[in-house]
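Below: the structure, in C-alpha cells.
The values are calculated or read from the model by the stated rules, or taken from the named source; none is laboratory data. From a predicted model like this one, the values you see are computed outputs, not experimental measurements. Heads up, the Cβs are rebuilt from the backbone with ideal geometry, glycines too, and the neighbour counts pull from every protein chain shown. Accessible surface areas use protein heavy atoms only, side chains included; no ligands, DNA or RNA. Shrake-Rupley method; radii C 1.70, N 1.55, O 1.52, S 1.80 Å.
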Amino acid sequence: MAEQKRDYYEVLGVPKNADDAALKKAYRALAKKYHPDANPGDKAAEAAFKEASEAYSVLSDPDKRRKYDQFGHAAFDGAAGGGGYYEGNAADFGDIFGDLFGDGGGIFGDFFGGGRRSARAANEPMRGANVRSSVRLTFEEAVFGCEKEITVNFKETCSSCGGSGAKAGTSPETCPTCNGKGKIVQMSRTMFGTMQNVQTCPNCHGAGKVVKEKCPGCNGTGYNQKRKTFRVTIPAGIDNGLSVRMAGGGEPGVNGGERGDLLVECIVSPHPIFKRQETTIFSTVPISFATAALGGAIRIRTVDGEVEYEVKAGTQTDTRVRLRGKGVPSLRNKNIRGDHYVTLVVDVPTRLTAAQREALQGFADAMDGKEKKKGLFK
C-alpha cells in the first residue's frame, strides 16, 4: 500500500486561503531549515525538505492548486505525485534558493537554471569561498573570551602576473568549451518534464577564460600559497561548535571579487566540575552531615573564583541553590550573565573513628532511639 501523503497546506503550515506571498514565506522558512546543505546526512531533514518542496511546487502553480483543491492528491495520480519536489517555476525556485543560500542557490541554482547565477555574466566578479578551521578553548576561555592565534594556508595574489595566471606579455584567452560564458547548459527530458541543467564549465571553472602560457611564478593559478597567522578574538559566551568569522581570510574571489571569510569553529574542552547549558552553569558541592544539620558557611567554586555561602540548618541532600550572575555572559551583551546553580549533596562518611562513632551514637540516643529502631545505628 502506498504511503499516505500529508495535506499540502498542512505541510507548509498555511491556511487554504493563503496567498502567494504567504506560501512563499512558509516554504522559504522550511527550505532553510531542512535544506540538505544545512543538514548533511540527515535523512529525516531530507525527507521533510522534499515534502515541503513538493507541496510548494503544486500550491504555487494556480492550475495545479485548483486541481488539488478539487480532487486532493488524486488529481496527480499517475503523474509522479504532482511532479515531485523538482517541478515548478524554475525562476521562482532560483529566486527562493538564491536568497537562502547565496547567488544561484547552491545546487538548486544550477539544477533549475533559474535565479541570478544563470544570468550572471562570465566576467562578473564572484566572491571567494569560505575557509574553515578550528581552535580549542578551555571552559573559562569560552566563558570570558580570549584571543587566539591560528595559522592557515592562505592564497596571496601572485606578484609576477597580478593574479591573471598568464605569463608576462600574454593574456588569458576566451574559453573554447563554453565560448566565454563560464557555463555549460544541458537540456534533458525526465519524468517531470524538460529540465535545464546549468553547470560550471569544467575547462575554465566559470571564469570564461583560459591561460595558454602559464605564469612561472604561480604555475598559472594566479596565486601563491603561504602559511598565514591570524589573531582571532573569541567573544565572551561562545559555545562549543559555534564559529567566529574572520573577514577576508578565505579563498580569493574570481574576476576581482572579494575574498571569502575564515570561519573558526570553537571546540570547548569539558570542565571537571562545571557543566553548561546556554548561559547557565551547573555544579555539585558536597557538604558534611554536621553542616547540613547545623548550618554554616561553605566555600563554593565558581568561574569567578570561590564565594562564601551560608548553608541553612536542616538542609537536605540535593538542595539546589542559585548564585545570580555567576553564569556565562550573553553573546549579544557580555554585561548580561546567566546564573550558576549549585546542588548541595550531604557527604556521608564511609569510615568513622571511635570518637566519631561515639558522638554519632550519642546523637542517636538523643533522638530517643528512633534511629536505633530503624536500624540506622548498631
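Observations on the model:
- Scanning the stretch 269-306 for residues that are open to solvent by 40 Å² or more (accessible area, probe 1.4 Å), within 20 Å of Gly325 (Cβ to Cβ) and of a type in the set (Phe, Trp, Tyr) returns a single hit, Phe282.
- Restricted to the stretch 195-247, and to residues there that are open to solvent by 70 Å² or more (accessible area, probe 1.4 Å) and among the β-branched types (Val, Ile, Thr), the residue that is farthest from Arg136 (Cα to Cα) is Thr221.
- Taking the stretch 318-335 as the range and being of a type outside the set (Asp, Glu) and in contact (Cβ under 8 Å) with a residue 24 or more places away in the chain as the test, the residues that pass are Thr319, Arg320, Lys326, Gly327, Val328, Pro329, Ser330, Leu331, Lys334.
- Identity of the residue in the stretch 252-267, surrounded by fewer than 19 Cβ atoms within 10 Å (Cβ to Cβ) and among the acidic types (Asp, Glu), that ends up nearest to the chain's Cα centre (by Cα): Glu265
- Residue within the stretch 164-182 that is open to solvent by less than 30 Å² (accessible area, probe 1.4 Å), in a strand (DSSP E or B) and at pLDDT 80 or above present: yes
- Every pair of residues 6+ apart whose Cβ atoms lie under 6 Å, when the first sits in the stretch 272-283 and is assigned to a strand (DSSP E or B) while the second is open to solvent by 70 Å² or more (accessible area, probe 1.4 Å): Phe282/Lys275
- Filter result (touching a Lys or Arg at 6+ places or on another chain (Cβ under 7 Å) and either assigned to a loop (DSSP other than H, G, I, E, B) or charged (D, E, K, R) (or both)) within the stretch 217-234: Gly220
- Selection of the stretch 339-355 for residues being of a type outside the set (D, E, K, R) and over 42 Å from the mean Cα position of the chain (by Cα) yields Val348, Pro349, Thr350, Leu352, Thr353, Ala354, Ala355.
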